[in-house]
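This report concerns only the one structure given below.
Readers should treat all values here as calculations from the given coordinates under stated rules, not as data from a laboratory. From a predicted model like this one, the values you see are computed outputs, not experimental measurements. Methodologically, a virtual Cβ is constructed for each residue, glycine included, from the backbone with ideal geometry; neighbour enumeration extends over all protein chains shown.
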Amino acid sequence: MKNELAARLFDNFFVGGWLLASGSETNAVISTSIREMVAILLYATSEEVYIAILAARIAFDRGA
């Protein structure tokens, strides 16, 4: 019986919200139980990673 799950493109969560990464490289997520692709993740750019790290550092320093 084939599972009818459609692969989904997921956004990245950083700086308090969900944003679509602007990178062009993707990573397919394969479910080990059904052996099918269930999601597609966009890699963040180095600038987006820097912003996420900076936001995390600020939140940590403020005790959030």
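Structural remarks
- 9 Å beta-carbon shell around Ser22, net charge (K/R +1, D/E -1): -2
- For the chain, taking the reciprocal of the average inverse distance between every pair of different Cα atoms yields a Kirkwood hydrodynamic radius of 13.6 Å.
- Loop-located trypsin sites (Lys or Arg not before Pro) in the stretch 6-64 (DSSP state not H, G, I, E or B) with no more than 12 neighbouring Cβ atoms inside 10 Å: Arg35, Arg62.
- Of the residues Gly63, Leu42, Trp18, the one whose Cα sits farthest toward the positive end of the charge dipole of the chain, with +1 on the Cβ of Lys and Arg and -1 on the Cβ of Asp and Glu, is Gly63.
- Here the calculated FRET efficiency for Ile58 and Glu36, from their Cβ-Cβ distance with R0 = 25 Å, stands at 0.05, rounded to the nearest 0.05.
- Value of [θ]222 nm, deg cm²/dmol, for the chain, DSSP H segments ≥ 4, -39500 (n - 2.57) each, nearest 500: -8500 deg cm²/dmol
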